[in-house]
Each structure stands twice: as structure tokens, then as C-alpha cells.
Amino acid sequence: MHAVRAQDGISIDARLDDAAWAYASPIRDFTQREPIQDAPPTETTEIRIAYDDEAVYFGIMMYDSEPDKIVKRLARRDRPWDADYISISIDPYHDHRIGFYFTVSASGIEGDGLMYNDTRRDSDWDGVWDSSVRITEEGWVAEVKIPYHTIRFIRQEIYTWGVNFQRSIFRKNERDYWMMIRRGENGWLSRFGHIEGIENISPPMGLFYSRRIGRSPSGSFDTRDGDAVLLERPLATSIISAAKMTGRTQSGITIGLVSAVTGKEYATLVDTVQDVRFRDQIEPRATYKLFVLNAIS
């Protein structure tokens, strides 16, 4: 698969009318894994790749003969699965050991995560990227921008990255793959296809925050001997400030630094005997600092 350089920029609006998309050759050769393994997909998918000095871009057209039946359920971030979606998996190191996946549903719900040791996943990883989706008379469109500081890679003159794509057509229980990995077969990153054509770019240092810090509040609340009923509980801890800086040296040493502050969180309850509302603290204010040094052999 060949990526083209975008000379005039790309707007993430799911229109696919930027000049770069006219020059990018699409891939269409997907294979069905579910429900009928090795069968041709029931709908056509076209994917184009472009890049510039800042990011890599994916322009995706997912044709659908019944666009009014595209499943567009709303959900929380990292839970786009119960809907039509497209998932992009990238191995920018091209070492079959570390990769990243980025998923967006037809309703615009995003999900991402880290892949490592060929087959394992960590959905707690959180990257900074952008996407846009649009339903059309022909199906649905997704446009995705993944900045280089999110995926990170080692500086080279010409790059070859591993890549795979998965499309879900939810109403048909259908999963289509670009690089087919059959049920029961081992491996994931090591089975990817390749992105060629990316050159003359520089890997920057990444800067983003981790959702491990903004976890769900873990404390309990006062039920006043069973007389109080919970009305509202925060789903996540508020992050007042946070930064995560990571990088990887030529020798393979990964360095990471995290600093964050999270705020107090309160649950809202009502005392059914006195008929009054009150708040109870379920998470204290906290400061996090972490330094990681890791050598991957």
C-alpha cells in the first residue's frame, strides 16, 4: 500500500475532496472473516493513505447498499464495537512487537489502544488523534488524522510501516480484513501488510495524557444506614492538569515521564427520610509523578 505526500494540507471533515486523495491509489481487496471465512465482503471498502510533516491520514469510503441500515449507536469512548466501525492498526516500528490501533464508529465514537508482543492489547493507552465521519447515499465515510507524536517511530530516510484494517458491518455480523488472519491462527502484528512511500519526516517527542490517571472514582459513599439513594456518581476523575512525554532512542530504550493532578470527586445522594440532597466525597485530590526507563531486547 502506497502513501502519497499531501502538499496542500488535509481537512478532517469526511469529505475526501482534498487534492491528496485524488492522487492516492485505494486498496479494496478485503476478505470476510465473519460470518463466512474467506468469502468476499458483501460491501466494498476503499482506503487511501496520505502524509505530511505532521501526521499520517486515512481516507476511507465504506460503501453500503442499504445506508439507512448502518448501525450508529452512541457509546462511551473506547466502546465503539456495537456498531458499524473501521479499525486501523499500525506498526510504525515495523518490528512486529509494538503497534497501535485506532477505531471509529459510524456515529463518530473513537477507540484506541496499544498492541505488544504480537498479539496482546492494552486499551488503557490513550492517543491524541482526530477523526470525522459522515453518512452518505452510498454508505459512510471516515477521515482520520494520526499525528506522529502519537505513534512515535525511529528516524529513517524511507519508512515501511506495518498496517491492517478491519471493517465491521454490524447488522450482518460481518468482519472484513485487509490482511486476513483466519480464526485459530496465531499472530497479529507479524501478519500485517505494509505502508510504503513515507519519507523525509521526523519523529517528534510525544506529549499527551494517560487515562490510567483519570480513572473512575474508587471510594464509597455514606448511605446513612440505608436511607440514602444514589442520584449521581462521576464516571471518571477530573484531570486538572496532566502531561506525558515519551520517546525512544536509536538503541531501543524507551523513556517516559508522567506528571498529573486530579481533583476531588463527589457523589450526589438523597436522604429519603429527610428528603434532602447531599454530596459525599468519593475521591481525594491526588498528584501523580512517574518516570519509566525500559529497554526492549
Fill in: Selection status of A236, over 22 Å from the mean Cα position of the chain (by Cα), surrounded by 12 or more Cβ atoms within 10 Å (Cβ to Cβ) and at pLDDT 70 or above
no
Discussion item. Looking at the stretch 171-198, I want the residues that are closer than 18 Å to R28 by Cβ and have a partner that is among the acidic types (D, E) and surrounded by 15 or more Cβ atoms within 10 Å (Cβ to Cβ) with Cβ atoms under 6 Å, at least 6 apart or on another chain. Which pairs are those?
Written reply: R175/E34; F192/D91
Item to complete: State all residues of the stretch 122-155 that are over 17 Å from Y57 (Cβ atoms) and out of contact with any Pro (no Cβ under 9 Å at 6 or more places or on another chain); if no residue qualifies, say none.
Response: D122, S123, D124, W125, D126
Worksheet entry | Residue that is within 22 Å of Y51 (Cα to Cα) and modelled with pLDDT under 90, where the choices are I158, I154 | I154
Discussion item. Can you tell me which condition G111 does not meet? The list is (1) touching a residue at least 60 places away in the same chain (Cβ under 8 Å); (2) in contact with an Asp or Glu (Cβ under 6 Å, 6 or more places away or on another chain), and all the others hold.
Written reply: (1)
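Would you be able to say whether some residue in the stretch 248-268 is assigned to a strand (DSSP E or B), under 30 Å from R97 (Cβ atoms) and among the aromatic types (F, W, Y)?
Looking for residues that are assigned to a strand (DSSP E or B), under 30 Å from R97 (Cβ atoms) and among the aromatic types (F, W, Y), one finds none in the stretch 248-268, hence no.
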Practice prompt. Please report, ordered by residue number, the strands (runs of 3 or more DSSP E) entirely within the stretch 19-113 with at least 2 residues that are small (G, A, S).
Written response: 55-63, 85-91, 98-105
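Any residue at all in the stretch 125-141 that's in contact with a Leu (Cβ under 7 Å, 6 or more places away or on another chain) and charged (D, E, K, R)?
no
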Item to complete: Please state which one of A24, A75, A83 is buried (at least 16 other Cβ atoms within 10 Å of the Cβ), among the hydrophobic types (A, V, I, L, M, F, W, C) and modelled with pLDDT under 95.
Response: A83
Worksheet, complete the sentence: The strands (runs of 3 or more DSSP E) lying wholly within the stretch 119-180 that contain at least 2 residues that are among the small types (G, A, S) are 130-135, 139-147, 158-169
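Does at least one position in the stretch 137-146 carry a residue that is surrounded by fewer than 16 Cβ atoms within 10 Å (Cβ to Cβ) and at pLDDT 90 or above?
Yes, the stretch 137-146 has at least one match.
The values are calculated or read from the model by the stated rules, or taken from the named source; none is laboratory data. None of these values were measured; they are calculated from a predicted model. Neighbour counts run over all protein chains shown; Cβ positions are idealised from the backbone, glycine included.
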